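Worksheet: one structure, shown below.
No value in this document is a laboratory result; all are computed from the given coordinates. Keep in mind the model is a prediction, meaning the values are calculated, not measured. As a convention, Cβ positions derive from the backbone with ideal geometry for all residues, glycine included, and neighbour counts pool all protein chains shown.
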Amino acid sequence: MTAETDQASAERKLEALISRRDFRAPRADLNGKTILVTGGTGSFGHKFVETVVSEYKPKKLIIFSRDELKQYEMAQRFPVETYPFMRYFIGDVRDVSRLTQAMRDVDIVVHAAALKHVPIAEYNPFECIKTNVMGAENVVRAAIQAGVKRVCALSTDKAANPVNLYGASKLASDKIFTAAEHMGGAGGPVFSVVRYGNVMGSRGSVVPFFRKLIAEGADSLPITDARMTRFWITLEQGVNFVLSSLEHAKGGEIFVPKIPSMTTVELAKILAPSLEQKIIGIRPGEKLHETMVPEDDGRWTVEIEDRYVILPAFSPEKKQAWLADGATETPEDFSYSSDTNPERFDARALQAMVEKSYAA
């Protein structure tokens, strides 16, 4: 086999790998629907709105958040004059009455609001709980009262076997949403959760941090531990995963995408191959590797082509429904962790992902 043939084969494999991770089919139909996004001025919210305005014609798209400056800035990018279905609501998920008012006549809620910074959550535990746990309860109560049809909450890999308050608060949030269907009763909202890893290019992730250091002329990049691994997903993939999970959901599921993992050392080499790497040690509340499906949840997990689905343990009929639709059971001792993940990024695939994330 020639070098050219090897290269062509590698490119086909890479194209197939990236294509399979688009999570585009099936996706929820947002045409004619009223959608509300909590925490909608964040990185996810911007990409979600960008996707909706380019691919759908919703009745209303409501951005619900508490930061007036971020709402003002977002309204400059997506003005009501150009996108007449856009609505901007100032509010906090800690305020159930404001949530209930905002959800009036809403069909779909995407819950992205959270306090996400690990050290800040450790230092301000009461604030973390008010937003991430009590806020989740308020979203559930408001959605049930307002008659919302579907709710999808964003989670994190840190919610599985948590070692910090942020992860513990998101685990509590996950439990609230997976149990919420029983609170709504027959005809109530269909609740689900999506859990994925680090988002390439999102605010607060290591990629923009590394890129900032490189732009400022740093002579080295800080690495907490050379062995550390993480799952990675792009913002576009994250939005598509939420839209497809909304369509897949039967109620009470946690959806976990099949995505690659890599070491932070590999990431640093791609971004700055000539820079030295300095080991600085693991920070408080930080894991060496991340898990998205713990072994204890493996027995309640089924698998389809592009994702794992953790099912509510108290609803065995849901498992039978998923198996009847073509899902397969995972092995008894199954877990899904970044260090044992069989799908790892090589240098070319990682470079392609970084370039795609920053193409704009």
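Of note:
- Rg and Dmax, both from the Cα atoms of the chain and both in Å, are 20.4, 67.
- Value of Rg to Rh for the stretch 170-323 (Rh from inverse mean 1/r over Cα pairs, i.e. Kirkwood): 1.07
- Evaluated with a Cβ-only charge set (Lys, Arg +1; Asp, Glu -1), the stretch 137-196 carries a dipole of roughly 80 debye about its Cα centre, given to the nearest 20.
- Taken along its three principal axes, the alpha carbon spread of the stretch 184-260 comes to 60, 24, 20 Å, from the longest extent down to the shortest.
- Near residue 67: Cβ cut-off under 12 Å, other residues only, Lys/Arg at +1 and Asp/Glu at -1. The net charge is -1.
- Within the stretch 77-232, the percentage of alpha carbon pairs spaced more than 23 angstrom apart rounds to 48%.
- The chain: antiparallel DSSP beta bridges as a percent of all, rounded to 5: 30
- Solvent-free Debye scattering, log10 I(q)/I(0), computed from the Cα coordinates of the stretch 129-173 at q = 0.31 Å⁻¹: -1.05
- Normalised radius of gyration (Cα atoms, divided by 2.2 N^0.38 Å) for the stretch 58-150: 1.16.
- In the chain, Cα pairs under 8 Å separated by at least six residues give a relative contact order of 16 percent.
- In this label model, residue 340 and residue 305 are separated by 2.7 nm, measuring between points 7 Å along each Cα→Cβ vector.
- Placing +1 on the Cβ of every Lys and Arg and -1 on the Cβ of every Asp and Glu, with no other charges, gives the chain a dipole of roughly 980 debye about its Cα centre.
- FRET efficiency for residue 81 and residue 183, using Cβ-Cβ distance with R0 set to 45 Å, rounded to 0.05: 0.65
- Highest-first arrangement of 323-330, 259-266, where packing means the average Cβ count within 10 Å: 259-266, 323-330
- Burial ranking of peptide ranges 178-188, 46-56 (average Cβ count within 10 Å, highest at the top): 46-56, 178-188
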